[in-house]
Amino acid sequence: MKDTKILFQYEGFFSHSIVNKLIRDFYEINKIHKLPTSVFKKMLIVMIEILENNYKYVQSIQNELPEGINLPYIKISKIARGFEIESANPLKIEHVSLLENKIKEINEYNKVLLKEFYLKKLLEGVYIEKDTPGVGLIRIAKITHNKIKYSFKQIDNKFLNYTLRIKVYSNT
Amino acid sequence: MENLYIEPTEITPKIVFDVKNKTFELSGISRPEDVVAFYESIIFKIDQYVSHLLKNESEVNKLKFDLNFDLTYINSASSKYILQILDFFKKLSLKGAIINCNWYYEDLDDQILEDGEDLSDVIRMDFNFIARI
């Protein structure tokens with residue numbers, strides 16, 4: 001696209017230390033671009049939630065991944081009215097419907113309902129066994145005020161490639 | 001309970017619980033690699049301490065705690081554990097203790113302000129939101 005400029009990209013399997021490095025790199029990029037604090041913080045939250053989800057999930061299925069699979073990536077681009085954060089990772093086909101239903105539910109809500117949904121899920125998460133409340137995607141939609149764009153591309157009969165695109169506009 | 005002091009790192013917050021002065025501080029960045037391992041022992045100690053105080057219910061209304069949150073980043077996994085910490089102090093407030101919860105934020109950082117507002121809504125406790133200019 002004519003108006004798109006890539007600010008930042010990384011391709012490869014993520015780990016916590018790589019995520020830390022990418023965050024430090026993003027701070028350095030911000031020193032050059034001097035984004036408004038609120039835009040920078042939104043992008044940082046989106047980036048971290050995406051990367052943490054991505055690497056924790058991929059680590060959980062790492063031993064099952066076929067050879068030669070597309071590597072996970074993250075890419076941040078400048079677009080006409082703001083920025084787009086795009087990421088991809090392999091996903092087991094058996095996990096698709098759970099994820100897709102979750103995204104569809106999030107995308108159905110307006111700003112007010114999304115906040116209510118987020119608070120409800122945070123509250124439910126306080127004393128559940130799971131170590132995280134599982135609100136990363138809801139948080140992303142809530143702070144960006146944008147629908148979550150996603151796609152799946154089948155790799156084989158067990159895996160597909162899951163791509164996520166989040167827009168952060170400069171004026172919201 | 002002994003005082004609690006945890007040094008901050010690039011990814012974990014500073015935590016100070018001064019038992020004698022009844023002040024609790026959580027500041028910096030909270031996105032530990034293993035969020036359970038990081039918060040588990042803190043939660044356990046605060047739980048024990050609050051349970052001990054609640055055994056002497058008639059004295060609880062004489063207690064006053066200052067909670068100071070001065071965070072620059074919280075991941076969603078950490079919010080669960082921060083809510084658990086707040087919930088312990090809320091138990092004391094329901095028995096008459098005064099819990100003064102201060103939530104500091106950089107004036108331009110509306111995200112950390114929003115995080116505080118969300119936690120306050122979820123736990124149903126009033127926070128004092130204090131902007132750093």
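The values are calculated or read from the model by the stated rules, or taken from the named source; none is laboratory data. Please read these numbers as outputs of a predicted model, since none were measured by experiment. For neighbour counting, all protein chains shown are included, and Cβ atoms are generated from backbone atoms with ideal geometry for every residue, glycine included. Just the protein is used for accessible areas: all its heavy atoms, side chains included, with ligands, DNA and RNA removed. Shrake-Rupley method; radii C 1.70, N 1.55, O 1.52, S 1.80 Å.
Pairs over the 24 Å Cα-Cα cut-off, from the set A:Lys42/A:Lys104; A:Lys121/B:Lys95; A:Lys102/B:Lys91; B:Lys20/B:Lys55; A:Lys31/A:Lys149: A:Lys121/B:Lys95; A:Lys102/B:Lys91; A:Lys31/A:Lys149. Could you list the residues of segment B:45-82 with an amide nitrogen less than 16 Å from a label point located 7 Å from the Cα of B:Glu106 in the Cα-to-C-beta direction? Of the residues in segment B:45-82, B:70-75 have backbone N under 16 Å from the label point off B:Glu106.
For chain A, a Gaussian network of Cα nodes joined below 10 Å ranks A:Tyr73, A:Tyr127, A:Tyr109 by mean-square fluctuation, and the top entry is A:Tyr127. For segment B:4-132, relative contact order (Cα pairs under 8 Å, six or more residues apart, normalised by length) works out to 22 percent.
Assuming a viscosity of 0.890 mPa s and a temperature of 25 °C, what translational diffusion coefficient in µm² per second does Stokes-Einstein assign to chain B, Rh being the Kirkwood radius over Cα pairs? Taking Rh from Cα pairs, D becomes 163 µm²/s.
Of the trypsin sites (Lys or Arg not before Pro) in segment B:44-86, the ones in a loop by DSSP (not H, G, I, E or B) with at most 13 other beta carbons within 10 Å are B:Lys62.
Rounded, prolate or oblate, given the Cα gyration tensor of segment A:1-61, with a/c below 1.5 counting as rounded? Note, shape of segment A:1-61 comes out prolate. When Rg and the Kirkwood radius Rh are both evaluated on Cα atoms of the protein assembly as shown, their ratio Rg/Rh stands at 0.99. Peptide A:118-126 has a mean shielding of 5, counted as Cβ atoms of other protein chains within 10 Å of each residue's Cβ.
Distance between the C-alpha centers of segment B:71-87 and segment A:1-39? Whole Å please. Cα centroid of segment B:71-87 versus Cα centroid of segment A:1-39: 25 Å apart. Once the GluC sites (Glu not before Pro) in DSSP loops with at most 12 neighbouring Cβ atoms within 10 Å are cut out of chain B, the longest remaining piece is B:11-133.
Taking the chain by itself as reference, segment B:108-132 contains these residues with an accessible-area loss of 20 Å² or more in the full protein complex (1.4 Å probe, heavy atoms): B:Leu108, B:Asp109, B:Asp110, B:Gln111, B:Glu114, B:Asp115, B:Asp118, B:Asp121, B:Val122.
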